[in-house]
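Engineer: Here's a structure for you.
The values are calculated or read from the model by the stated rules, or taken from the named source; none is laboratory data. Just so it is clear, the structure is predicted and the values come from calculations on it, not from any experiment. Counting neighbours? That spans all protein chains shown, and the Cβs are built from the backbone with ideal geometry, glycine included.
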Amino acid sequence: MDEVADAVELVCKEQKGETLRRMATALVTAYLQTKMRDARTSVALYSISSDVDGAKIVQQIGTRMNKAIVRMLATSCEPLMTDPQLVASMLQGAMAGIGRRLVESDAAGEQFDVFREELVFVACAYLEACSARLPVQEDVIRKDAAKSLRRAARA
């Protein structure tokens, strides 16, 4: 687990001042490559993470990675319009989910590149949306909600 956190901290330092797209690509790639280096150990760590002491260790490492990601995002040449802490947490959740899916898969080697590429796509799209939050989104949501309410009233 420390190895993954070390890799995340290093890549976050290396990405200082880069675009959000480059940050996302480097972060996802480093996280998944490190996680998959020893898939058996990763699987074993998931089983002990439900233990009280294991959960505490996982939380500490998660906090460490979160701080590194937040620091990295703060240096982007494209400012975020969403709280960097929240953005970092969302990225971590996505990476952890895909990482776990890969380490528990019988075909992880075959799926790695595809899952990495798709996770990079998701992370980039999310970061792009977080850097250009437009109030128009709320209008679209309200209009959609109003349409749904009108349809429900007619039924």
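Engineer: In this structure, does Ser105 turn out to be exposed (fewer than 12 other Cβ atoms within 10 Å of the Cβ), farther than 22 Å from Ser76 by Cβ and at pLDDT below 95?
Structural biologist: For Ser105, the condition - exposed (fewer than 12 other Cβ atoms within 10 Å of the Cβ), farther than 22 Å from Ser76 by Cβ and at pLDDT below 95 - is not met.
Engineer: Counting only residues that are free of Cβ contacts under 8 Å to residues at least 24 places away in the same chain and under 16 Å from Ala94 (Cα atoms), which one in segment 60-78 is surrounded by the fewest Cβ atoms within 10 Å (Cβ to Cβ)?
Structural biologist: Thr63
Engineer: Sort through Ala39, Ala88 and tell me the only one that's at pLDDT 70 or above and under 27 Å from Gln111 (Cβ atoms).
Structural biologist: Going through Ala39, Ala88 in turn, just one is at pLDDT 70 or above and under 27 Å from Gln111 (Cβ atoms): Ala88.
Engineer: Check Thr63, Thr29, Thr75 and return the single one that is under 29 Å from Ala132 (Cβ atoms), over 17 Å from the mean Cα position of the chain (by Cα), of a type outside the set (Asp, Glu) and at pLDDT 90 or above.
Structural biologist: On inspection, the qualifying residue turns out to be Thr75.
Engineer: Out of the residues in segment 83-102 that are over 12 Å from the mean Cα position of the chain (by Cα) and surrounded by fewer than 16 Cβ atoms within 10 Å (Cβ to Cβ), state the one that is farthest from Lys16 (Cα to Cα).
Structural biologist: Per the criteria, the residue is Arg101.
Engineer: Of all residues in segment 1-40, count the ones that are closer than 20 Å to Arg100 by Cα and either basic (Lys, Arg) or in contact with a strand residue (DSSP E or B) (Cβ under 6 Å, 6 or more places away or on another chain) (or both).
Structural biologist: Going through segment 1-40 one residue at a time, the tally reaches 3.
Engineer: Taking segment 1-32 only, how many residues are free of Cβ contacts under 8 Å to residues at least 40 places away in the same chain and not in a helix (DSSP H, G or I)?
Structural biologist: Total satisfying the criteria: 0.
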